[in-house]
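Working notes, structure below.
The values are calculated or read from the model by the stated rules, or taken from the named source; none is laboratory data. Quick caveat, the model's predicted, so the values are computed rather than measured. As a convention, Cβ positions derive from the backbone with ideal geometry for all residues, glycine included, and neighbour counts pool all protein chains shown.
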Amino acid sequence: MNSEQLEKYTSAITLSDMEIFVFPELMYSLVLADIMSPIIWQWRQMECFKKLEGKSSYKKLMRLKQFVMDEYEFNLDLETWGLTSKAKELKRFEKFISSDDIAKSNALFGYHGDKYYFDVDIRRHFGLDKYDSDIIPYWKTETVEAMDAFRHKTGYTKRAGECISLAALYVAAAFIVCGVPLEDIYMILTPLHSQNFIDIQDGVLTNNRRLVTKTMWFNGTAISNKAQRALRNENVTIIAHSSGYVHCMYDDATIDRKAYQHFTRQLGSYLSTELTLSVFASFLRSNRDYQKFFQVCRECRGQAQFLEAEVLFHYEHSSNYRIADRTHEKLLAEVSDEDFVPYQLPGRIRCDELEEFIKKQKVDVRNSQGRTALRKYIEPVISDAQRFVDELADFVHTEAKLPALDKNFIPANPIQIHVDQSREQIIDYLQQLRGSNSTADLAFYAYRDMETCDWAPFIKAAIERNPVSIQIVDSMSAEEVHTWLEQMNNISIYDGKHLAQPDEVANYKTGDGLEKAFLLANVIRQRDPEQDIKITVDNNSVIVREKHEYRFVSAKDLGKQIRISATGAVTIAG
């Protein structure tokens, strides 16, 4: 590999937020690594999924959501994978992208988002505000193995992962467990978030551990409002798909043009809805200050009775029933008779009359004619009617800020795996594709397949980008580090001939002897960079040599002779 190739391939090992931004094909490489892993395939044998055999993909997807909610935590500890520096990272990637472009689109390098994010102080919300100097966290993405291993980390009782990890997990699980074709799943990355659009029924959006249907998107609840933040307020940096990717800053795109056009149409449809009384009620649910301008009317024994809208929303908050849907009458039945009055409330618009107006006039607030008609209707009651209508229009229609369609679409060899294939068939197919598809090739590096991959990227990552293991053993001598490692469980979080990085061993306090050897080598090199290090891997025996010799036992059944020179050059034989 030349230096630029090595940078990309070693990035497939560590998968930081920055690395995926610079090398967007890595996003789908992580998905493929998760698909190759045996972990998600084992879910298919669980009773909760087996009993759904023969059911629709949508029904399985809803069950998958509950499984992910129950089994995984959202990890927002930015220092899980240690710290680095802006200068160091910018230097790494200066051949690929300018520092100014990075600052425009990366949260760790100055990006703050639009006015909304300034208003809610989003950097403080995510804990980014304390990184106001050159020091920044490694915002790394986890494989499914690393996500599952969080159960071993102090302070965690469940599996866990950050948003990109969860997005990749959802793609792999939707494909393996729910039978959703990869062609129907589009990954959406923004500077502060990662989610997926699944083109099934009216569309489903993944949002960390949750799923958001189109109905949920427009229900006006606090959870749905939070799920909307990224697509409402951020520029989309990358769309990743089985056919390729499109990047906001790169002129070339490898995603299939027709697939990208189809995605933009489907996402646009998902993000837009017609104005109905139910949608209007959701808008009021989301904008409480406007509830005081409306009243609800019901008929009781032939007489009209009226109720303040905010009172009904108060009842709804603690009820299983909802305003303006099929359970509306049941909700009204829960309201105390004392809250109704026998006369129309002054200074309030009747919701039943508003519904009639919307239907009769066919009001569509997505166009100027519809907005004008509604503004004139509500002006007698709402003084700032224009603002009200503008906010309502924004509620019913979101225009996602996607990468432009005027890219240079380069035909690529797409990933074509199918839901009826076995894990073994998929791995064999991807192996055959490696020579013609870099995403497939990089997937084996993300999966840490040391039997078929060049070891140089793994070793480079192990000795350059694993600060947690350095920090944890800061007060120990090399001999004490060796003793500490030997006292750990000798079990890798990866199956077969796949290896964990030093910081994964350090965080989860478990690892194969070969993985422990790389952790020790990382510590020795950081403390004495002038010292040559030799690692001998001979099936179950691993020896680390510098001034002293340290032995470990491995079950990985690998063989290599590795030398890390004082200059950082890595020589590998065997």
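Here are the numbers for the structure shown:
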{"read-out": "Residues that are in a loop (DSSP other than H, G, I, E, B) and charged (D, E, K, R), drawn from segment 51-63", "value": "51, 53, 55"}
{"read-out": "The one condition in (1) free of Cβ contacts under 8 Å to residues at least 12 places away in the same chain; (2) in contact with a Lys or Arg (Cβ under 8 Å, 6 or more places away or on another chain); (3) outside any helix (DSSP H, G or I) that residue 365 fails to fulfil", "value": "(1)"}
{"read-out": "Count - residues of segment 197-219 that are within 14 Å of the chain's Cα centre (by Cα), outside any strand (DSSP E or B) and of a type outside the set (Lys, Arg)", "value": "1"}
{"read-out": "Residues that are surrounded by fewer than 18 Cβ atoms within 10 Å (Cβ to Cβ) and either among the hydrophobic types (A, V, I, L, M, F, W, C) or out of contact with any strand residue (DSSP E or B) (no Cβ under 8 Å at 6 or more places or on another chain) (or both), drawn from segment 497-543", "value": "526, 527, 528, 529, 530, 531, 543"}
{"read-out": "Close pairs (8 angstrom Cβ cut-off, 6 or more residues apart or separate chains): free of Cβ contacts under 8 Å to residues at least 40 places away in the same chain and under 15 Å from residue 208 (Cβ atoms) in segment 171-197, in a strand (DSSP E or B) and not aliphatic (A, V, I, L, M) anywhere", "value": "195/206; 195/207; 196/186; 196/206"}
{"read-out": "In segment 14-39, the residues that are in a helix (DSSP H, G or I) and among the aliphatic types (A, V, I, L, M)", "value": "18, 20, 22, 26, 27, 30, 31, 32, 33, 35, 36, 39"}
{"read-out": "The one condition in (1) modelled with pLDDT of 95 or more; (2) surrounded by fewer than 21 Cβ atoms within 10 Å (Cβ to Cβ); (3) on the phi < 0 side of the Ramachandran plot that residue 154 fails to fulfil", "value": "(1)"}
{"read-out": "Some residue of segment 21-32 being in the same structural domain as residue 145 (by TED's automatic domain parsing), at pLDDT below 95 and β-branched (Val, Ile, Thr)", "value": "yes"}
{"read-out": "Qualifying residues in segment 478-496 (those that are polar (S, T, N, Q) and assigned to a loop (DSSP other than H, G, I, E, B)) - the one surrounded by the fewest Cβ atoms within 10 Å (Cβ to Cβ)", "value": "490"}
{"read-out": "Filter pass, residue 78 being within 22 Å of residue 466 (Cβ to Cβ) and over 20 Å from the mean Cα position of the chain (by Cα)", "value": "no"}
{"read-out": "Some residue of segment 40-50 being under 26 Å from residue 428 (Cα atoms), at pLDDT 95 or above, in contact with a Ser or Thr (Cβ under 7 Å, 6 or more places away or on another chain) and in a helix (DSSP H, G or I)", "value": "no"}
{"read-out": "Matching residues, segment 229-247, being among the hydroxyl-bearing types (Ser, Thr, Tyr) and either more than 17 Å from residue 171 (Cα to Cα) or in a strand (DSSP E or B) (or both)", "value": "237, 245"}
{"read-out": "Residue match in segment 7-14 (condition: out of contact with any Ser or Thr (no Cβ under 6 Å at 6 or more places or on another chain) and surrounded by fewer than 16 Cβ atoms within 10 Å (Cβ to Cβ))", "value": "no"}
{"read-out": "Index of the failed condition, residue 174 passing every other in (1) at pLDDT 95 or above; (2) under 26 Å from residue 510 (Cα atoms)", "value": "(2)"}
{"read-out": "Residue within segment 159-166 that is surrounded by fewer than 23 Cβ atoms within 10 Å (Cβ to Cβ), at pLDDT 80 or above and not in a loop (DSSP other than H, G, I, E, B) present", "value": "yes"}
{"read-out": "Residue in segment 320-333 that is at pLDDT below 95, assigned to a strand (DSSP E or B), over 41 Å from the mean Cα position of the chain (by Cα) and among the hydrophobic types (A, V, I, L, M, F, W, C) present", "value": "no"}
{"read-out": "Subset of segment 290-314 [among the aliphatic types (A, V, I, L, M) and either crowded, with 17+ Cβ neighbours inside 10 Å or not assigned by TED's automatic domain parsing to the domain that holds residue 349 (or both)]", "value": "296, 307, 309, 312"}
{"read-out": "Residue in segment 468-477 that is buried (at least 21 other Cβ atoms within 10 Å of the Cβ), of a type in the set (Ser, Thr, Tyr) and part of a helix (DSSP H, G or I) present", "value": "yes"}
{"read-out": "Enumerated strands (runs of 3 or more DSSP E) restricted to segment 499-573, each holding at least 2 residues that are within 23 Å of residue 474 (Cβ to Cβ), at pLDDT 95 or above and not basic (Lys, Arg)", "value": "533-545, 549-564"}
{"read-out": "Test: residue in segment 251-263 that is assigned by TED's automatic domain parsing to the domain that holds residue 436, touching a residue at least 12 places away in the same chain (Cβ under 8 Å) and of a type in the set (Ser, Thr, Tyr)", "value": "yes"}
{"read-out": "Pairs with Cβ under 6 Å, 6+ apart, first in segment 75-94 and over 24 Å from residue 472 (Cβ atoms) and in the same structural domain as residue 17 (by TED's automatic domain parsing), second surrounded by 20 or more Cβ atoms within 10 Å (Cβ to Cβ) and not β-branched (Val, Ile, Thr)", "value": "none"}
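Here is a yes/no grid of residues against (1) in a loop (DSSP other than H, G, I, E, B); (2) modelled with pLDDT of 95 or more; (3) within 24 Å of the chain's Cα centre (by Cα); (4) under 30 Å from residue 29 (Cα atoms):
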{"position": "249", "(1), (2), (3), (4)": "yes, no, yes, yes"}
{"position": "264", "(1), (2), (3), (4)": "no, yes, yes, yes"}
{"position": "280", "(1), (2), (3), (4)": "no, yes, no, no"}
{"position": "285", "(1), (2), (3), (4)": "no, yes, no, no"}
{"position": "291", "(1), (2), (3), (4)": "no, yes, no, no"}
{"position": "296", "(1), (2), (3), (4)": "no, yes, no, no"}
{"position": "299", "(1), (2), (3), (4)": "no, no, no, no"}
{"position": "307", "(1), (2), (3), (4)": "no, yes, no, no"}
{"position": "311", "(1), (2), (3), (4)": "no, yes, no, no"}
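Per-residue answers, yes or no, for (1) in contact with a Cys (Cβ under 7 Å, 6 or more places away or on another chain); (2) surrounded by 12 or more Cβ atoms within 10 Å (Cβ to Cβ); (3) without any contact (Cβ under 8 Å) to a residue 60 or more places away in the chain:
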| residue | (1), (2), (3) |
| --- | --- |
| 330 | no, yes, yes |
| 335 | no, yes, yes |
| 338 | no, no, yes |
| 343 | no, no, yes |
| 355 | no, yes, no |
| 371 | no, yes, yes |
| 376 | no, no, yes |
